[in-house]
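Inspection log for the structure reproduced underneath, given as structure tokens.
What follows draws every value from the coordinates through simple rules; no lab data is involved. Keep in mind it's a predicted model, so treat the numbers as computed, not measured. Cβ: placed from backbone, ideal geometry, glycine included. Neighbour counts: every protein chain shown.
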Amino acid sequence: MYKFLAVFLNLVLFAYVLARPAHEHLIDSLATSTTTTPATIIKQIDITNPDGSFNSSYETSNGIQVLSTGYLKTIQVPQQVDNDGHVIDEHEETILVQRGFYRYVHPDGKEVELRYIADENGFQPEGDHLPKASQ
């Protein structure tokens, strides 16, 4: 009986989610953020070296700029120990370290730039438009 009731309530909830109308403000924001003017690439550089490092950039006719550089780095993966004190895993691993930025002009006229590094500590973005951590 409880399984039937749970399935029935899930179906009712699913039908409600599908039947509710879309929010008009979301539709309006999507309509204003798209463009019909195609952009072309006016400058592009792609260099890949035998050691795995690379340098890539491009610029488009509508002002978008993207730069990305990367290289391979060997890191020591920390030792993991099971409950009995036996070493489970300790090894070196090769990772890709990548740095770069992208820049574009927002529809409101402000320039947006995001700088980043991605390494063994994860993806670390920086930009004036991003929220700041409280001190």
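Some notes on this structure:
- Applying 1/(1 + (r/R0)^6) with R0 = 35 Å to the Cβ-Cβ distance of Leu67 and Ser134 gives a FRET efficiency near 0.70.
- Solution diffusion estimate, µm²/s, Stokes-Einstein, the range 41-126, Kirkwood Rh from C-alpha pairs, 25 °C, viscosity 0.890 mPa s: 157 µm²/s
- Loop-located trypsin sites (Lys or Arg not before Pro) across the range 30-127 with a Cβ neighbour count of 16 or fewer within 10 Å are Lys110, with loop assigned by DSSP.
- For the range 41-126, averaging the sequence separation of C-alpha pairs within contact (under 8 Å, six or more residues apart) and dividing by the residue count gives a relative contact order of 20 percent.
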